[in-house]
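Take a look at the structure set out below.
The values are calculated or read from the model by the stated rules, or taken from the named source; none is laboratory data. This structure is a prediction, so every number in the text was calculated from the model and none was measured. Cβ sites come from the backbone with ideal geometry, for glycine too, and all protein chains shown count toward neighbours. The area values use the complete protein model at the heavy-atom level, side chains included, leaving out ligands, DNA and RNA. Shrake-Rupley method; radii C 1.70, N 1.55, O 1.52, S 1.80 Å.
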Amino acid sequence: PIGLQLYTLGDMPVKDLDGTLAKLAAVGFTDIELPNFYNRKPADLRAAADKAGVRYSSIHMNMPGPFTGGTLSLMSSPQEIADGLNTLGIYQVFMPLCPLPEGFSIPQGKNPQVAIGDALREAGPDHWKRTATLLNERAAALKPFGISLGYHNHNMEFAPLPGGTTGWEILMKETDPSLVNFELDL
């Protein structure tokens, strides 16, 4: 089936999740990827999907911080993550943004994407190596629960870093392909 990432619909799912899912099902989208938990409990999200006749195939889960979008994050215990995702019928989770450098903040008036890109360039290759290590560790912790972990890229992974490499190259080299997969945003 052709699926849809709810992120592409902006704040429609926030304003009316039930109506949004019903409209998607009516036009033939029954495979849905969640961008986060929409500050809802997994059981409530599952009830909305069941009511509309759709299923969730995957979800994006951030590190703790301003983009978490709910109570669960990738640093929650593997059991808590498994319990929440099993309620949703999801067995694939993606980290949609690498951890932000310590002390990161968006300067007033600066575009958030530009600020993130600048901070990651300044953090350098070691930041991406730590991200790869984190992905390997979290994927290994989730695997016994039947949950696979992947990484969802943006454009910042392809920005040149000191040493003639990119974050993408480091992630490809440093992650274990038997544990970590990738959701390519092209």
Checklist entry - Quick one: Cα centre-to-centre distance for segment 1-77 and segment 84-119, in angstrom? => result 17 Å
Next on the checklist: Report the gain in length on full extension from TYR38 to THR8: 0.36 nm times residue separation, minus Cα-Cα distance, nm rounded to one decimal.
Outcome noted: 9.4 nm
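Return the carbon/sulfur percentage of the accessible area of the chain, one whole number, probe 1.4 Å, all protein chains in place.
Numbers: 5300 of 9580 Å².
Roughly 55 percent of what the probe reaches on the chain is carbon or sulfur.
Sort 55-64, 166-175 for me by packing, meaning the mean count of neighbouring Cβ atoms within 10 Å per residue, highest on top. All intermediate terms of the calculation are to be shown ahead of the outcome.
On the way: 55-64: 21.0, 166-175: 18.2.
Put in order of decreasing packing, that is 55-64, 166-175.
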Next on the checklist: Defining a contact as two alpha carbons under 8 Å apart and six or more residues distant in sequence, what relative contact order in percent does segment 42-186 show?
Outcome noted: 23 percent
Checklist outcome for this item: Net charge near LEU6 (other residues with Cβ under 15 Å of its Cβ; Lys, Arg +1; Asp, Glu -1) is -3
Next on the checklist: Starting from the Kirkwood Rh over alpha-carbon pairs, what translational D in µm² s⁻¹ does segment 1-78 have by Stokes-Einstein at 20 °C and 1.002 mPa s?
Outcome noted: 168 µm²/s
Item to check | Probe 1.4 Å, accessible area per residue of the chain, Å² | outcome: 51 Å²
Checklist outcome for this item: Along principal axes, largest first, the alpha-carbon spread of segment 1-45 in whole Å comes out as 26, 19, 17
Item to check | Segments 13-21, 131-139 sorted - mean Cβ within 10 Å per residue, highest first | outcome: 131-139, 13-21
Next on the checklist: Report the Rg/Rh value for the chain, based on alpha-carbon coordinates and the Kirkwood definition of Rh.
Outcome noted: 0.98
